[in-house]
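J.: Dropping a structure here in structure tokens format, bear with me for questions.
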Amino acid sequence: MNFEALFKQIIEFFNKLNKKQRYVIIGSIVTVIAIISFLVVFNTASSNKKPGYAILFDNLKPQDAALIVQYLDKKQIPYIIPEEGVIEVPKEIVEKVRLDVAAQGLPKSSKVGFELFDKNSFGATDFEQRVKYLRAIEGELAKTIESISAVEEAKVNIAIPKESVFVEKEVPPTASVLIKLRPNMILTPKQIQGIKWLVAAAVPKLKPENVKIVDQYGNPLGENDELTRNNELLKTQLLYKKRIEKALEDKIVSILAPIVGGKDKVVAKVSVDIDFSQVKSKATIYSPDNVVRSEQTLEESRIGTKPKEVGGVPGVVSNIGPVQGLKNNQVVDKYNKSETTTNYEISTTVKNIKEDFAKIKRITAAVVVDGHYKVDKDGKKTFVPLSEVEIANIQNLVKNAIGFDPKRGDSVTVSSFEFAQTTKAAATTPVGKIMGMIEMYLGPVAPVLKYLFLALVLFVFYKKVITPFTQKMLEVKIEEEEPAKKEIEIEEEELGTTYDKIKELKEKVEQQLGISGEINEEELKYEVLLERVTKMVEDNPEQVAKVLENLIKEEHTEI
């Protein structure tokens, strides 16, 4: 591409424009540059990072960060610290600086694992290899424990005793784990037990009970003594209590915020009394309805005649018995017996009752809401507390939100006070009022409005700049064509005038010379036209060349 010719064409095009068209073009260029600059500055400010810088190290400890900064200052390497524990250097030298810093043994507190064996060290003794292996296991275990959300930092120390040929003198290995917990977080008993099993499984012959865990305050974790169990249970109970109170406070604020005018207009604090005692009871209930379990009936019957007894004076007759042939039909023996035994079963119900581990005994809530403000003619605000009806309605809403139970002794207090305004002076001004309203109503949708504003600016720029500029360019072409036509018309008129004058002069000369004859008009026109064209070429060669070029293009287009 011939840039010199292109530049000349641009200059010629710009010179042909009038002042209005030039202003439009210059304004469009300035507007585009301003929009691009605004977008660049906005993106830079939102990212809050210096352009051309990349992260050298992150998650650094203060002592490591201080040593690295000292090294960068010594080598005069530019750097920035956007936040704590993060160091950034120019992007083009970040890899080199990282290698140089690593060669200095920094950061020192970083944990190493099995990458210790990435480099082969010839001549290393067996003792050195065992130490490296032990360091690698400790580093890998520490990295794994730090992956737990509640653990910020972990350090593992493993003690492996020297092996003995005597089984009785064998000493089992032990391990200690130092854990730094994140703020407001604790380890559950299951997590502590899991850490013990994790460390024990990584070391041969190590038992979970030989793994000791201590937090950053020196408190033992996972021990079975009564004091440790009580401490862990107390921490769990306090955390559970705080979570319930926070959940109830959020419910109160969320239900009152749309009513009072925002979350900054209401403050709620809830106190929950929880009974963590676990009660087990056994109850035996006897039913009053008896059920027949078994019934036994015994019946006996005997019917007969009693033998006649011999009586009288002792002698022959009494000795030989009754005399046969005597008739005596008297029934002297008849026996009947009936016995019934009924056994009843007592219906009983046995219940093993186990109450809830955490039972809410009482809920106490205190809610403070802002009131109304009246503005007088001078623009001064006057605080007006909420009415009794409004406070009663808010109190009912709070009771329903927290599950108010009067039998339990719950209480709810709602008060209306004037909230202290940190920007009270700015809010009273018209600009402060407008900014406050904008922030209140447009704050949640600010990210979307940013892109809508950009789209609106581009649309206005297209309608007000690009479209008029295109129309102006079309008008320029028309203006360029019109003068050419006028010039041609002027030339034809001048050509006709010149032809008449020459014809008159030639007739006068022939009359004076006495030469008579007919004048060839075609030859005369050709001579006049040839003379005119020759003069035009000599005076304006560039314009004639452009006319010929346009004629050739038109003929080529028609063909």
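Please treat every number below as a calculation from the coordinates, not as lab data. Worth saying up front: this structure is predicted, and the values here are computed from it rather than measured. Quick reminder, even Gly has a Cβ in these numbers, built from the backbone with ideal geometry, and neighbours come from all protein chains shown.
J.: Above 17 angstrom, tally the Cα pairs of the range 123-170 and express them as a % of all pairs, no decimals.
T.: 52
J.: If you don't mind, another one. Only Lys, Arg, Asp and Glu count, each charged at its Cβ (+1, +1, -1, -1), so figure out the dipole size of the range 116-221 about its Cα centre, rounded to 20 debye.
T.: Once rounded to the nearest 20, the dipole reads 120 debye.
J.: Among 199-207, 341-349, what's the highest-first ranking by average C-beta atoms within 10 angstrom per residue?
T.: 199-207, 341-349
J.: Taking the Cα centre as origin and putting +1 on Lys and Arg beta-carbons and -1 on Asp and Glu beta-carbons, what dipole magnitude results for the range 166-287, to the nearest 20 debye?
T.: For the range 166-287, the charge dipole is close to 340 debye.
J.: Between Ala392 and Met437, how many nm apart are label points set 7 Å from Cα along the C-beta direction?
T.: 3.5
J.: Skipping prolines and chain starts, which residues have an amide H placed within reach, meaning under 5 Å, of the one on Ile360, given they are 5 or more residues away or on another chain?
T.: Asp275
J.: Report ³J(HN,Hα) in whole Hz for each residue of the range 67-82, in order, from the Karplus equation J = 6.51 cos²θ - 1.76 cosθ + 1.60 where θ = phi - 60°; Gly and Pro get x.
T.: 5, 5, 4, 4, 5, 5, 5, 5, 8, 6, 9, x, 7, 9, 10, x
J.: Another question, if that's okay. Amide H of Glu152 versus every other amide H placed in the peptide plane: which residues, excluding those fewer than 5 positions away on the same chain, fall under 5 Å?
T.: Lys180, Leu181, Arg182
J.: Determine the shape class of the range 118-222: with a ≥ b ≥ c the square roots of the Cα gyration tensor eigenvalues, call it rounded for a/c under 1.5, and otherwise prolate if a/b is greater than b/c, oblate otherwise.
T.: Values: a/c = 2.78, a/b = 1.48, b/c = 1.88.
It comes out oblate by the Cα gyration axes.
J.: Taking 0.36 nm per residue of sequence separation and subtracting the Cα-Cα distance, how much length would be gained by fully extending the chain between Glu95 and Lys546, in nm to one decimal? Numbers along the way, then the final one.
T.: Working: separation 451, 0.36 × 451 = 162.36 nm, distance 6.08 nm.
Net length gain for the segment: 156.3 nm.
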